[in-house]
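Below: the structure, in structure tokens.
The values are calculated or read from the model by the stated rules, or taken from the named source; none is laboratory data. Nothing here was measured: the structure is a model prediction, and the numbers come from that model. Ideal geometry is used to build each Cβ from the backbone, glycine not excepted, and the neighbour counts take in all protein chains shown.
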Amino acid sequence: MLKSKNLYKLIVINFLFFSITSFAQKADSNKYVRFIDSADAKIYDFPSIANDFLDSIPKPLENNIKGHVAKYYHFKAVISSFLSDDAEVYHYNILSLKYAEKEKNYEMAGASSIELFYNLYIIKKDSTALDYLEKAEKFYTLDNNEKGLIDVMQMRAFTEFNRKNYKKCNDLLIPKLTYYKSIKDDSFYYMYALFMLTSNYIHLDDDVNREKYFKEFRKLENDTTISTSLYKIHEVTLNICMQHLHLERNELDSALHFLNKVDKMRDFMNNSDKESHFKNYLDYFEKVNDATAKNNYIDSLKLHNENLIEKNLNASYNINKSFLETSNNLKIETEKKFLNRNWILFLTVSLIGSIVFIIVKQKKIRKKIEEFSKRKKEYTFLQNNHEKLKVKVKGLENYIAEIKKEVKTISSITTIDEQKKRIQELHKEIHHNSSVLLAKGESHLDLINELNVEFFNEISIKHPELNSSERIICYYLFMDFKSKEIAAFINTSVRSVESKRYRITNKLNLKEKDFKLSDYLKESFSSNTIDSNS
């Protein structure tokens, strides 16, 4: 009997150990996922900072960011493309696709497939690239991803562009151009179509249409839905095409203008652009009979090619290192699974043995005692939980009552600065101490509506096109909260808040009026709110 009790204790202790270990691993995973979100926010404008966030995630990734490994490798590929490390771009996209399929993240699987198509088709001239384009269409269809399918559509046009079938490329783009332009929340699709059309007409020697679409392209330079780096990357390629056009026509002054313009944009050039730029300089100095300058650019081109070789060698080293790390991680995971399997087998055998032992030794009497003991424990457990629940509910009711009192006090304050200060303090206290209450108790809109009834009444009348969540965002901006604080209060991401701010700006037509959303809210509602409270 004593032996069976000790065995039972051992089983329970081991079960608790594995439960605590599993919970700790899950907590660590959640902790590192925020680095992925931080990298996402910085990747296009500050790729080096985004890379620092990604490098802060310890290996093995499968444990520390479980379910987000595909996104990690996708961002690594994007950063490598900024650094023009083509071999690493391909390597990271292969890993991203592998984990995206494993995680059933079809959006990321589609994005990785598109990048692999581009990498193979443009850089390696591999005909199998079209298989990845078909994969991208399949994944985006599974994800019901409209914008992803637009990417596939544009890549088909790009395929004809790369084959120098410029008229056929135009035939695929022009009928869809109005549709691309209508996508206001992401003007990249319109910009990319204009980029291909401009380049097509440069190659077709059609100055009228080339200038028409180039002019439309330039209008997007300050479009806030397109990152500056993405715009510049495409602009520099068009300027290099213009260099070549003017050189072919012997329009040397115009060619020099574009050569000088591109010199100022070298940070946005990929390897192919750099090589074309250097060759255009060689052609220019050949035409103006400047042998010294021509030799200097021959040396520059040679140095560029040497740097490419060095980059490829470094990329090969990093890829091999990555494969080695993956192999070691796989070995560690295999050993862990083997150890866990042995523990499970041991615990299962021990449990069966103890059950058999108890049945054989105690039979019916022991069974009745266990049933009685079990019922007694369940009754005691339910009784204790009932008492705890009563205390917790009472405490929550009291907390809600105190918050309502504070809300009424704040709503009676006549000084807007003091009111803002008190509201910020109240929200921070609720966020830190009562997030469960806000989520499961009263409506978020109902609670903050009492803080400034006049504001919500006035904005509802003045802007009925805004929904309740957008009015909440407006209120927080009116009260001087930052996007990061708003995201914490309404339990969402900073990127989601920024996206809502952008939609509100569009709904209120503030871009056309050259107004910032926060400035507009303060100018439109501040004085009325003070007067009403007075």
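Among the residues making up the stretch 205-256, a single one is in contact with a Lys or Arg (Cβ under 7 Å, 6 or more places away or on another chain) and within 24 Å of Phe188 (Cα to Cα): Asn239. If you go through the stretch 469-524 and keep only what is part of a helix (DSSP H, G or I), within 21 Å of the chain's Cα centre (by Cα), surrounded by fewer than 17 Cβ atoms within 10 Å (Cβ to Cβ) and charged (D, E, K, R), you end up with Lys484, Arg495, Glu498, Arg503. Looking at Glu134, Glu107, Glu146, just one residue is under 18 Å from the mean Cα position of the chain (by Cα), more than 24 Å from Phe268 (Cβ to Cβ) and free of Cβ contacts under 8 Å to residues at least 12 places away in the same chain, and that residue is Glu146. When the residues of the stretch 234-284 are filtered to those that are over 40 Å from the mean Cα position of the chain (by Cα) and in a loop (DSSP other than H, G, I, E, B), the one that is farthest from Phe214 (Cα to Cα) is Asn250. A single entry from Ile174, Ile183 fulfils the requirement of being among the β-branched types (Val, Ile, Thr) and assigned to a helix (DSSP H, G or I): Ile174. On inspection, Asn449 passes the criterion of being within 15 Å of Thr409 (Cα to Cα), modelled with pLDDT under 70 and not β-branched (Val, Ile, Thr). For the stretch 70-82, check the following and say yes or no: at least one residue is more than 17 Å from Lys42 (Cβ to Cβ) and surrounded by fewer than 22 Cβ atoms within 10 Å (Cβ to Cβ). No, the stretch 70-82 contains no residue that is more than 17 Å from Lys42 (Cβ to Cβ) and surrounded by fewer than 22 Cβ atoms within 10 Å (Cβ to Cβ). For Gly67, the criteria (1) at pLDDT 80 or above; (2) assigned to a helix (DSSP H, G or I); (3) of a type outside the set (Val, Ile, Thr) hold in every case but one, which is (2). Restricting Ser350, Ser316, Ser272 to those that are modelled with pLDDT under 80 and under 27 Å from Ile79 (Cβ atoms) reduces the list to Ser316. Within the stretch 387-437, being closer than 19 Å to Cys474 by Cα and either at pLDDT below 65 or in a loop (DSSP other than H, G, I, E, B) (or both) holds for one residue alone: His431. Evaluate the stretch 120-128: report whether one residue or more is modelled with pLDDT under 90, surrounded by fewer than 22 Cβ atoms within 10 Å (Cβ to Cβ), part of a helix (DSSP H, G or I) and not hydrophobic (A, V, I, L, M, F, W, C). Checking the stretch 120-128: at least one residue is modelled with pLDDT under 90, surrounded by fewer than 22 Cβ atoms within 10 Å (Cβ to Cβ), part of a helix (DSSP H, G or I) and not hydrophobic (A, V, I, L, M, F, W, C). The residue of the stretch 152-171 that is surrounded by the fewest Cβ atoms within 10 Å (Cβ to Cβ), among those that are assigned to a helix (DSSP H, G or I), without any contact (Cβ under 8 Å) to a residue 24 or more places away in the chain and more than 29 Å from the chain's Cα centre (by Cα), is Asp171.
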